[in-house]
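Engineer: Sharing a structure with you now.
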Amino acid sequence: MSWPAEDGFYFPAEWERQRGVWLSWPHHPDTWADCREEVLRDYAAFIASLSHFTKVFLNHPPGQEGIIEATLTKARAKLTEISLFSHLTDDAWCRDHGPIFLKNLSTGEIAITDWEFNAWGGKFPSSHDNLIPSKIASATGYRHYRMPYILEGGSIDTDGQGTLLTTRSCLLNPNRNQGLAPDEIESVLRRGLGIRNIWWLEEGLEGDDTDGHIDDITRFAPDGIILTAWEEDPQDPNHQALANNYRQLENWVQKDPRPREIVRLPMPARLDYQGQRLPASYANFLVVNGAVLMPSFAQPEKDQAAEKILQKSFPNRQIVPVDSRIFVRESGALHCLSQQEPSTGKD
């Protein structure tokens, strides 16, 4: 088996130049049964916001082109920036079922790493989702690495300089790669993504059915900034877990020769749906060319505080709040729904 790192590929930071963003149209009748109209409305608004900054590549079920174009037109999306791909998925979470794109440091070539996807430990069907990376590889013509290990895009984040963030609660969960020891998983990440350093945090948010994806709690930003979710209320179940993660970050930063700054990103007020805690978080933002799309939750004071922090962390990008209350009912938001494709530098 050929490994991407051996061929000169690395995992780019999200704020590096992008060719566009991949999405998957929400369509599963069971997932969105009681809110389909609202989901399509807010999802189209998300695409419309994206289309003013970058190209959008949209996976969708065959035969739905007409309704998709009509919905996007109503949302005032720039249809000239949107390309449709008849790729059937099980649902909308492209961050996890889509490919993880790598870039060659010397040539600028883009490659697709095609990891196994088992729907967060076998919680849902995933037979269609698991074919999406190979379909995107065929559509783009990029070099295609089949990786016989389970890995979701939302479980990892990188600074583009060889350091990776992840959580033990997710990557070391026996429902992913049972039988692999932690050092074996680290070896797979290094060889598969061109990573040198792996920073482990412990766990994610209450109510997160991904078992603790990093993109809901801690994210890299340019110039050594690390944005990490912080819950002030000591009575909130997330308080202790996030405080423990903060202390672990301090330990990693102290050992790192590169200058780093840890910035606390406030948590929104608790959101519940049908008696269940939702994993709402401002850390689930998406960086694109010229903008950062930030999940908002109709909490003006909290939303504005998060927006201010993101603006300071990404001073050269516009911060675009996108109402994500309907998405987080299914435990995800903007970053979970999307997967960026890096630019070759010739796009």
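Every read-out reported here was derived from the displayed coordinates using simple, explicitly stated rules and does not represent laboratory data. Worth saying up front: this structure is predicted, and the values here are computed from it rather than measured. Here the Cβ positions follow ideal geometry from the backbone for every residue, glycine too, while neighbour counts run over all protein chains shown.
Engineer: Rounded, prolate or oblate: which fits the range 1-135 when a ≥ b ≥ c are the square roots of the eigenvalues of the alpha-carbon gyration tensor, with rounded for a/c under 1.5 and prolate only if a/b beats b/c?
Structural biologist: Since a/c reaches 1.5 but b/c is at least a/b, the shape of the range 1-135 is classed as oblate.
Engineer: Please compute the length gained on full extension between Glu116 and Asp34, using 0.36 nm multiplied by the number of residues separating them and subtracting their Cα-Cα distance.
Structural biologist: Numbers: separation 82, 0.36 × 82 = 29.52 nm, distance 3.02 nm.
So the extension gain works out to 26.5 nm.
Engineer: Further, regarding this structure: Picking from Ile67, Ala119, Gln235, whose Cα lies most toward the positive end of the charge dipole for the chain (charges on Cβ: Lys, Arg +1; Asp, Glu -1)?
Structural biologist: Ile67
Engineer: What number, in percent, do you get for the relative contact order of the range 5-342 if the mean sequence gap of Cα pairs under 8 Å and at least 6 apart is divided by its residue count?
Structural biologist: 20 percent
Engineer: Among Asp272, Asp215, Asp256, Asp236, which comes first, second and so on when ranked by fewest other beta-carbon atoms within 10 Å?
Structural biologist: Result, fewest neighbours first: Asp272, Asp256, Asp236, Asp215.
Engineer: Another question about this same structure. How are the alpha carbon pair distances in the range 292-347 distributed across 5 Å bins from zero to the largest one, expressed in percent?
Structural biologist: The distribution over the range 292-347 is 4, 18, 22, 21, 18, 9, 5, 3, 0, given as percents.
Engineer: Take the chain, connect every pair of alpha-carbon atoms lying under 10 Å apart with a spring to form a Gaussian network, then pick out the residue of Glu184, Glu203, Glu307 with the largest mean-square fluctuation.
Structural biologist: Highest fluctuation among the options: Glu184.
Engineer: Okay, next question. Which ordering of Cys336, Cys170 is given by a fewest-first count of other beta-carbon atoms within 10 Å?
Structural biologist: Arranged by neighbour count, lowest to highest, Cys336, Cys170 become Cys170, Cys336.
Engineer: Lysine pairs in the chain 8 or more apart or on different chains: how many have alpha carbons under 24 angstrom apart?
Structural biologist: 11
Engineer: List, in order, the whole-Hz ³J(HN,Hα) value for each residue of the range 77-93 obtained from phi through the Karplus relation with A = 6.51, B = -1.76, C = 1.60 and θ = phi - 60°; use x for Gly and Pro.
Structural biologist: 6, 7, 4, 5, 9, 10, 10, 9, 10, 6, 10, 6, 10, 7, 6, 9, 8
Engineer: Right, something else. Given springs between every Cα pair under 10 Å in a Gaussian network model of the chain, which of Asn130, Asn118, Asn251 has the largest fluctuation?
Structural biologist: Residue with maximal mean-square fluctuation among Asn130, Asn118, Asn251: Asn251.
Engineer: According to the square roots a ≥ b ≥ c of the eigenvalues of the Cα gyration tensor, what is the shape class of the range 98-234, taking rounded for a/c under 1.5, prolate for a/b larger than b/c otherwise, and oblate for the remainder?
Structural biologist: It is oblate, given that a/c is not under 1.5 and a/b is not larger than b/c.
Engineer: Set the Förster distance to 22 Å, then compute FRET efficiency between Ser83 and Ser134 from the Cβ-Cβ distance, nearest 0.05.
Structural biologist: That pair, Ser83 with Ser134, gives E of 0.75.
Engineer: How many percent of Cα pairs in the range 254-347 exceed 16 Å?
Structural biologist: The share of Cα pairs beyond 16 Å in the range 254-347 comes to 60 percent.
Engineer: Could I have the simple spin-label model distance between Asn316 and Asp7, label points 7 Å from Cα toward Cβ, reported in nm to one decimal?
Structural biologist: Spacing of the two 7 Å Cα→Cβ label points: 3.0 nm.
Engineer: Which value in deg cm²/dmol, rounded to the nearest 500, describes the helix-derived mean residue ellipticity at 222 nm for the chain, given -39,500 (n - 2.57) per DSSP H run of n ≥ 4 and division by the residue count?
Structural biologist: Estimated from H runs of four or more residues: -8000 deg cm²/dmol.
Engineer: Just want the ordering: Ile195, Ile136, from fewest to most Cβ atoms lying within 10 Å of their own Cβ.
Structural biologist: Ile195, Ile136
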